[in-house]
Structure formats: structure tokens, C-alpha cells
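Beneath this line is the structure, given in C-alpha cells, with notes to follow.
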Amino acid sequence: MNKKDLRSVEYDKMESLIMLLGEKKFRAEQIYSWIHKKHIFSVSQMNNVPVLLRDKVSDEYDIYTVKEVKKQESAIDGTRKYLFELYDGNLIESVFMRYEHGNSVCISTQAGCRMGCRFCASTIDGLARNLTAGEMLGQIYGIIADTGERISNVVTMGSGEPLDNYESVITFIRMLTDGHGLNISQRNITVSTCGLVPMIKKLADEKLTITLAISLHASNDEKRRELMPIAYKYSLKEIMEACHYYFVKTGRRLTFEYSLVRNINDTPKDAEELSSLLKGLNCHINLIPVNPIKERDYVQSDKKAVLSFKNKLEKKHINVTIRREMGRDIDGACGQLRRRIIHEKNY
């Protein structure tokens, strides 16, 4: 598509655009409202905007489509997993989850991923492309349209490495939290990363009030390199230094994601090493019994091992929870549904 994505234009830039077109500033609010409150998918639907202005905007901009092509709902917990098709045929996944504290969505920031984490289906076929901020928002708008329910929390833990698409993700955050749009609090947004050290520091300098989640998954560099190729580029020492920098700059507690794989990273020694690694850092550990994928032979740690690991961390005064498993019966692991459909239909 040669045109730019209108849904990715921030409010102040929309005002500038409209004034450059020789129109009054209030037209920007009308157009922005159509896109980000009424969630229309075509400029032609803006029926209180003059046709001439719609034509001027359409000369350079379009609203990139994010079309639902498949939905699966868990019979266990009501979690919904969506497969969306983008304007160029690329497929992405999103997830809708209900919690007592409100509804959460997990969105994709890239079509595919190039990070190569061994237990993740998203990365097996590599990276197709980055998403625009508007395509990230489009996933949320599509889920709202389907469920008819308000979204309280957003996490960027779908397909892709968010900090590998940095500028678009920052734009997405600013638009998601803008009062002219969904107006979701920054404190209810989580950005995850496998550990891109320079980008963690750059994110810290933005001084946002979001939650940063680090996908750790190992307590030493040797094991981490087995699971996550990014560990060849950035050591745990470098990641911890970046995390300390992030906390100093933002004052925000960090979250560490730790997928437990049987007999790989769930031993008492791993728990001891992890406690030492995180000593003195204001953080929370989210233990995740790994969601097996058919392309890998990793096995989920049993319940006894998970609880033992948790107890050892708590004895070291580390805040830790075990993530509630959701959507296990609907291709729950990240990238599973997308990859299955791609190979079934030969996209």
C-alpha cells in the first residue's frame, strides 16, 4: 500500500494535517473521533466530514485494514484468540482475556519475529514485517467490536519483539493513552522484551509509567543462550544493568517473565541463581509453565517443581506469582494459531 496509515496519525499531527489542508482545526477532532472512538475502517464512513476534505485526506492516507479471519474461544475459561489479516495478507494473533480486575488484550507488534526464542512458535518462520501503530490499535478495536466490552489492560506479548519495532510501539502507547481515544492509563500497559539492552535504556528515557516485562527464562548466560539467541548479543549482566537504569529513571517496578521447562531451567540451582541475579532490584517474577509447541520437544514443569521453584524465590524475599494458564485448548502458545493457518492455507 503506497498510502500512509491514517489510524497511525497522533492527535496533534492530525490537527497539523487538517490545517495544512486549509481546513478548520475542529475537523481533526471529528476525524480522530471517527477512527479512535467509533472505530470505522474507511474514510468514506465519516458522514459529518465534508466530501471534499475526505477526498483530500484519501489522496495520501488510508485506514489499514485489520480483518478478523478466525476466532477460537476457550471452553475452559472463555479466553478468545483472534487471527487477523492485514491489508497485505500477513496474519497476526491477538488474545482477549477476562480477569476479575478487568479485561485484558494481548496484541502483536510484528508479523512474525526474528528473535529466534526456542520455545516460541511466532519466530519459527522469521519476521515478515513490522506493524504500524494503527495496526496495533486495530487489533484492540476489532476485539472491542466483537466482544462489546471495555478493555482495561493491554500487553504487547503477541507475535513480535516490541522493542524491535520501537518507534511504532511508542506511537501506539501515546495514542492508546490519549484522551481523544481509548484513554487507557499507561499504568495498565505492559511492554515486553527479550532483552534488547540499548532499547531498554532508550525506553527508560521516555519516562513513561508503563510496566516493562523482561523475558528472562534462564538464570545464567549458558542456559539462556540455549533458549534465546539474543543472549549471544547481550549478557545477563548487561540486561541487569539496563534494568537498574530503567528503575532509576522511571521508579517503576520491573517484571521478569520466566517460562519453566522441565529439567532445563526449573532446578533448585536455577532458583538459587535467579535469586542472586535479581538481588536488590525492585521486581516481580512471573513464573510461566511453558506452553508446549509441536515444533519443539520442551516439556512443561510439573506442578510440584513449579511450586518448589516459587517457594525458593519467596524465601529470598522475591515477589513471585505463577501465571494463570488461559486458552490452553485454543492454540494458546504465542504464534501457534498463526503458524497452523499459514501452513494449512499456504499463505
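Worth pointing out:
- Considering segment 1-27, and only residues there that are over 23 Å from the mean Cα position of the chain (by Cα) and within 30 Å of residue 89 (Cα to Cα), the residue that is surrounded by the fewest Cβ atoms within 10 Å (Cβ to Cβ) turns out to be 2.
- Count of segment 152-164 residues which are crowded, with 23+ Cβ neighbours inside 10 Å and modelled with pLDDT of 95 or more: 6
- The residues of segment 211-222 that are out of contact with any Ser or Thr (no Cβ under 7 Å at 6 or more places or on another chain) and surrounded by fewer than 21 Cβ atoms within 10 Å (Cβ to Cβ), listed by number, are 220, 222.
- Which numbered condition residue 78 misses (of (1) touching a Lys or Arg at 6+ places or on another chain (Cβ under 8 Å); (2) assigned to a strand (DSSP E or B)): (2)
- All positions within segment 299-338 that are at pLDDT 65 or above, under 24 Å from the mean Cα position of the chain (by Cα) and surrounded by 18 or more Cβ atoms within 10 Å (Cβ to Cβ): 300, 320
- The test for being outside the structural domain of residue 172 (by TED's automatic domain parsing), farther than 30 Å from residue 324 by Cβ and touching a Gly at 6+ places or on another chain (Cβ under 7 Å) holds for residue 8.
One line per residue, one yes/no per condition, for (1) assigned by TED's automatic domain parsing to the domain that holds residue 287; (2) out of contact with any Cys (no Cβ under 9 Å at 6 or more places or on another chain); (3) among the hydroxyl-bearing types (Ser, Thr, Tyr):
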| position | (1), (2), (3) |
| --- | --- |
| 210 | yes, yes, no |
| 223 | yes, yes, no |
| 238 | yes, yes, no |
| 244 | yes, yes, no |
| 252 | yes, yes, no |
| 255 | yes, no, yes |
| 258 | yes, yes, yes |
| 262 | yes, yes, no |
| 271 | yes, yes, no |
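- For residue 55: the one exception among (1) under 30 Å from residue 81 (Cα atoms); (2) exposed (fewer than 12 other Cβ atoms within 10 Å of the Cβ): (1)
- Selection from segment 1-29 of residues that are touching a strand residue (DSSP E or B) at 6+ places or on another chain (Cβ under 6 Å) and charged (D, E, K, R): 3, 4
- Test result for residue 177, within 16 Å of the chain's Cα centre (by Cα) and in contact (Cβ under 8 Å) with a residue 40 or more places away in the chain: no
- Flag for residue 219 being modelled with pLDDT of 95 or more, among the polar types (S, T, N, Q) and in a helix (DSSP H, G or I): no
- Residue 172 fulfils the conditions (1) modelled with pLDDT of 95 or more; (2) touching a Cys at 6+ places or on another chain (Cβ under 8 Å) except for a single criterion, (2).
The values are calculated or read from the model by the stated rules, or taken from the named source; none is laboratory data. Owing to the predicted nature of the structure, the values given are computational and were not obtained by experimental measurement. Every residue, glycine among them, receives a Cβ derived from its backbone with ideal geometry; neighbour counts consider all protein chains shown.
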